[in-house]
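Working notes, structure below.
Every number here is computed from the coordinates shown, using simple stated rules; none is lab data. This structure is a prediction, so every number in the text was calculated from the model and none was measured. As a convention, Cβ positions derive from the backbone with ideal geometry for all residues, glycine included, and neighbour counts pool all protein chains shown.
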Amino acid sequence: KHMASLSLGFFERERSGRLVARVTNDAEAVEKLVTDELVRILAEFTFLAGAAAILFFLDVRLAAAAFSVIPFIVLATFAFQKKARSFYQDLRERVATVLSFFQETLRGVHVVRAFAQERTSSRQFEEVNDAWGTAKIGTLRLSAEYFARVDLLSSFGTATVLVYGGSRVLNGELSIGKLFAFIVFLALFFDPLHHLSERYTTFQSAMAGLARIAQLFQVEPEIVDHDNPVTLNKVQGNIAFQGTDFRYNRAAPFALQNVNIDVMAGTTLALVGPTGAGKSTFVKLLARFYDVSKGSILIDGLDIRRISLQSLRSHMALVPQEGFLFGGTIADNIRFGNPHASDSQIEQVCMKLGIDEFIRGLTEGYETQVRERGARLAAGERQLIALARALIADPSIILLDEATSSLDSATEARVQQAFRAALVGRTCVVSAHRLSTVMHADKIAVVEQGRIVEAGTHSELVSKQGRYADLYGSWLSGATATRV
C-alpha cells in the first residue's frame, strides 16, 4: 500500500529488483522472526529463567560460580551484534543486486540474444552471485565464531562448577547428589542459551531486513493531495501553462522553462521538437506525475495542485510510447481503463479505432492471452490496444506521448483518422516526432531546450519560415526519400 502511494519519480530512480527484494526476501526474514522464532525465543527465555531460579534454589554459591561466565557471553554477543549488523545489511544488498540483475536480464533477453551476449550476461551474473556468496559465507563464518565462543564459555561454566563443587563435596560441604542435580539443571540452563545464540543470527537477519523495509517507509510521496483537495465532477478541458519551470532535481538543468501556452477545451495541442527537448516532461507535468518548480498548470482555471489526484487522473487518459500490457486477455487490458465497461462497449471502441477485425482474427479473439508485457503481440498491436484502453475510459483530456511511433504509416493514418473522430469534444495533448501525426492539430508548439519557441497552426508555422518550417522540410525530404 505504501509503495502504491509513492510518486513516479521514486520508481524511476529505484531498481525494480531491489523493491522486489524488500517485498519478498526482507519481508520473509521479518515474517520468519515474528511467526516462528519469536514464540521460540520467548519459550527459551522462560526456560532459561526457570532453570536459573532452580540453580539458585539448589545452591547460591554454585550458581554464582556457574554464572561467572555470563558477562563474557554478553560481551561476545555485543561484539557479534556490532559486526553482524553490517554483515547482514551487506548480505541483503547483495541479494537485491542478484534479483535486480536477474530481473533486468530476463526483461532484456531479446537484446542479449540479438547481440549474442549470453556468455557476457552469464559472467556478469556469476560476478554478482559470487559477491552474494562471499557475503553469505561472511555471515556464516561470523555466526560460527559466535556459536563456538558461546559453547566454549558454557563449557568453562560447567568446568568451574565441577571444580568448585567437587572441592566442596570432598570437604563434606555438599552432597554428591545435589552436585549431580546442579549439573543436570546447569545443562538445562545452557541448552536454551545455546539455542538463543543460534536464533540470534535469525534475529540479526530479520533486523537487517526490517531496516531496509523501514527505509522504504521513510520515503514520502513527493506528489500528494492538497490539504483541502477539490473533486472535479465534470471537466471541460481548458488547459493553461503559466510561467511554468521544471527540473527533475535541484542539480539538474531545467527540463522546461518559462512555458506559457493555452489549450482550449475540445482542441488538440501537438508538441514537436528534437529528442530531449521536454515534450514528454510536458505530458508528465500535466498528469501531475511531478509538480512544477515554478509557475502553475491550470485545468478549467483551477491549479491542478488543488485537485485531488484521483479526481484529476480519472478525467485523463495517458498513452505512453511503450504500449505496456498486463498479463491477461486483450479484453482485460482494454477494460483496465474502465473496469465497468461491458464487452459491447469494448468492441465499439475497437471498431472506432479499426482494430476489431485484427482482434477477432486472433485464435481466441478478445479472450486471447497477451502474456506478461504483451509478449504475444507485436509492438504496434500492443500500442493499438493501449489506445483502446485510453478511449474506453471516456476521458475529457487525452495525453499521447509518442503514442503512434511504433505503428507503420498506413496503420498510423487509419488510427489518426479514427482518433480524430473519437477526440471530438475532448482536449488532446500529443507529443510526436512524425509531423504527419500533428499536422491536423489545432495548435502546434515547437519545443527546444525546454522552451516553446513557436506556436500556431500548421499553415501559420510553415508560412513563418521558422523552426517548424525547417522540421517540416526535413520531414518532407525524408518521407519522399522513403517512398522512392
Q. Can you work out the base-10 log of I(q)/I(0) for segment 282-389 at q = 0.14, 0.17, 0.21 1/Å, using the Debye formula on its C-alpha atoms alone?
A. -0.64, -0.82, -1.05
Q.
How large is the Rg to Rh ratio of segment 1-89 when both quantities use alpha carbon positions and Rh follows Kirkwood?
A. 1.24
Q. How big is D for segment 161-314, in µm² s⁻¹ as a whole number, if Stokes-Einstein is applied with the Kirkwood radius of its Cα pairs at 4 °C and 1.567 mPa s?
A. 59
Q. If you bin the C-alpha pair distances of segment 153-201 every 5 Å from 0, what whole percents do you get?
A. 5, 21, 25, 19, 13, 8, 5, 3, 1
Q) Among the trypsin sites (Lys or Arg not before Pro) within segment 146-239, which fall in a DSSP loop and have no more than 12 other Cβ atoms within 10 Å of their own Cβ? A) 234
Q: Over the alpha-carbon set of segment 32-142, work out the extent along each principal axis and list the three values in angstrom, largest first.
A: 77, 27, 16
**Q.** Projected-area average for the chain over all orientations - Cα convex hull basis, square nanometres
**A.** 32.5
Q | Cα-based Rg and Dmax for segment 243-326, where Dmax is the largest Cα-Cα distance (Å) | A | 13.4, 38
Q.
Taking loop as defined by DSSP and a crowding limit of 13 other beta carbons within 10 Å, which GluC sites (Glu not before Pro) in segment 309-375 fit?
A. 364
Q) So for the chain, taking the charge dipole from beta-carbon charges (+1 Lys/Arg, -1 Asp/Glu), which of 257, 185, 366 sits furthest toward the positive end? A) 257
Q. Where the convex hull is taken over the Cα atoms of segment 165-248, what is its projected area averaged over directions, in nm²?
A. 14.3
(Q) Just the number: Rg to Rh for segment 38-78, Cα atoms, Kirkwood Rh, two decimals. (A) 1.05
**Q.** Phi-based couplings in Hz for segment 462-474 (Karplus 6.51, -1.76, 1.60; Gly and Pro marked x)
**A.** 5, 5, 6, 6, x, 5, 5, 4, 5, 4, 5, x, 5
Q) In segment 111-153, if every C-alpha pair distance is counted and binned at 10 Å from zero, what percent goes to each bin? A) 26, 26, 20, 15, 10, 4, 0
Q. Cα-Cα pairs above 14 Å in segment 207-255: how many percent?
A. 77
Q.
Apply the Karplus curve 6.51 cos²θ - 1.76 cosθ + 1.60, θ = phi - 60°, to the phi angles in segment 100-117 and return the couplings in whole Hz, x for Gly and Pro.
A. 4, 4, 5, 5, 5, 5, 5, 5, x, 4, 5, 6, 4, 5, 4, 9, 6, 10
Q: Could you give the size of the charge dipole of the chain about its Cα centre, using +1 on the Cβ of each K and R and -1 on the Cβ of each D and E, expressed in debye and rounded to the nearest 20?
A: 640
Q. About its Cα centre, how strong a charge dipole does segment 172-266 have in debye, to the nearest 20, once Lys and Arg get +1 and Asp and Glu get -1 at the Cβ?
A. 160
Q) If you put +1 on each Lys and Arg Cβ and -1 on each Asp and Glu Cβ, how big is the dipole of segment 1-139 around its Cα centre, in Debye rounded to 20? A) 260
Q) Where does the chain land at 222 nm, in deg cm²/dmol rounded to the nearest 500, when only DSSP H runs of n ≥ 4 count, each adding -39500 (n - 2.57), divided by all residues? A) -18500 deg cm²/dmol
Q. Expressed in nm², what is the orientationally averaged projection area of the convex hull enclosing the Cα positions of segment 80-212?
A. 10.7
